[in-house]
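> First the structure, then my questions, so here it is.
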Amino acid sequence: MGPSCTRYRRAVHDAGAQTQTRPTPPPAATKQRDPWFDNAKMLLVVLVVVGHAWTLLPLFDGDAGSDTARFYDGWVYHFLYAWHIPAFVVVTGYLSRSFTWTRARIWSLVTTVAVPYVIFEGLLVWFRHEFGGVEFERIWANPHWPMWYLSALFFWRLSVPLFQRLPAKVVVATAISLAAGLFATDVLDNARILGLLPFFVLGLKMHEGHWNLLRTRRARWYGVAVLLLMAVAARWAGGLLETEWFYYRTRYDALDPDNVRALVIRMSMLLSGLVGAFAFFAVVPRTRTWFSALGGATLVVYLYHGFVVLGAEFLGYKGWAADHWPLSLLLTTVVAVGLAVLLAWRPVSSRLNVLVDPVGSWQRARRRRRDRDPSSV
């Protein structure tokens, strides 16, 4: 029994020594944000702010500004709107690929999309009524101005599991988009939800290999060339198409009495949006810069910038812009870019995020209080 006991003690001692000397495994590496996506998201939301700010220019005021001002403002506006919203929606689709009909995901969709929609739709209507004297009906049923995106995002994400099961999902989405112009209404902006659906579904199909094809030097040069050609085409086609075509929100019969011709125009809009979106993706910088850090606050920029643009309109900026063209085009663009950067700047966006994600902000604040003083929770 003595030798057995000795061997047992030695085995226990050796096991303990191994346990003490075994190195602690390193913590799992946190997933790094892709700077390319952050750059793309931030550039796209900057273009959204610029596009909305351009509505203050003479293009949208038939009684103000010269014909030359309206022509050039319309040219750059149509060029931008031909592809930047489609690109925005493609990225939205790509980032929504993992959505499933689980309780946790649906609750997250409600708290991060539906709740901000209710808050900001109400605030926007109040702001326009209080400071602009604008009367509204059907609040929340008919999204006002930029609120269409949250309405669309809610229903697009709910549709993800369904489209992920379809073998020809992009074809189906395109058919829905073409048909939507015949019957869609403005309730929850369903005309735009269905009209832009092909870009969202295309984003669902994208994977890393597709994006890598757009990150080559050759693709970048092709992207620059395509965007330049689209700029030239926008100058030529500016007088042929009404601006409403670029919004995907109006029925065909309100834009063109010939439904066949309207279908052809909608199809051409989808194709030009697709080509322009991928040309833009090809020219997005791939490296991490100070600009990349702003890409995490795009929803803050999107939801707050409208109040500044509307405030400028209520203060009479449109009249000044009409009398000071082309300076107004340059100034409006520069200020819009600066506004987007300011809203995305972390000291600002972290405070404004309280209304953008009220439930998440409350939960994070509660965790911080618990960490500081466990007895307080």
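> How big is D for the chain, in µm² s⁻¹ as a whole number, if Stokes-Einstein is applied with the Kirkwood radius of its Cα pairs at 10 °C and 1.306 mPa s?
The calculation lands on 68 µm²/s.
> Quick check for me: using +1 on Lys/Arg Cβ and -1 on Asp/Glu Cβ, what's the dipole size of the chain about its Cα centre, in debye to the nearest 20?
2820
> For the stretch 87-141, take the alpha-carbon Rg, divide it by the Kirkwood Rh, and send me Rg/Rh.
Dividing the radius of gyration by the Kirkwood radius yields 1.14.
> For residue 136 and residue 103 in one chain, what is 0.36 nm times their gap in residues minus the Cα-Cα distance, to one decimal in nm?
Separation in residues times 0.36 nm, less the Cα-Cα distance, equals 8.4 nm.
> Need one word for the stretch 244-377: rounded, prolate or oblate. Basis is the Cα gyration tensor (sqrt eigenvalues a ≥ b ≥ c); a/c below 1.5 gives rounded, then a/b vs b/c decides.
prolate
> Can you put 130, 313 in order, fewest other beta carbons within 10 Å first?
In increasing order of surrounding Cβ atoms, one gets 130, 313.
> Percent relative contact order of the stretch 223-377, based on C-alpha pairs within less than 8 angstrom and at least six residues apart?
Here the relative contact order equals 22 percent.
> If you take the beta carbon distance between residue 185 and residue 217 as r and set R0 to 56 Å, what does 1/(1 + (r/R0)^6) give as a FRET efficiency, to the nearest 0.05?
Efficiency, from the Cβ-Cβ distance: 0.75.
> Got a sec? How would 78, 324 order by Cβ neighbour count within 10 Å, fewest to most?
Going from least to most buried by this count: 324, 78.
> Please give the direction-averaged projected area of the C-alpha convex hull for the stretch 81-226, in square nanometres with one decimal.
Hull-based average projected area comes out at 11.1 nm².
> Measure out, as a whole number of angstrom, how far apart the alpha-carbon centroids of the stretch 111-170 and the stretch 211-282 sit.
When both Cα centres are located, 24 Å separates them.
> Could I ask something else about it? Rank the residues 213, 202 as a footprinting-exposure proxy: fewest other Cβ atoms within 10 Å of their Cβ go first.
So the ranking, lowest neighbour count to highest, is 213, 202.
> What FRET efficiency comes out for residue 254 versus residue 118 if R0 is 35 angstrom and r is the Cβ-Cβ distance? Round to the nearest 0.05.
Efficiency computed from Cβ-Cβ geometry: 0.75.
Where a number appears in this text, it was derived from the coordinates with a stated rule and is not lab data. Everything numeric here is computed off the predicted structure, so don't read it as measured data. So basically every Cβ, Gly included, is an ideal-geometry build from the backbone, and we count neighbours across all protein chains shown.
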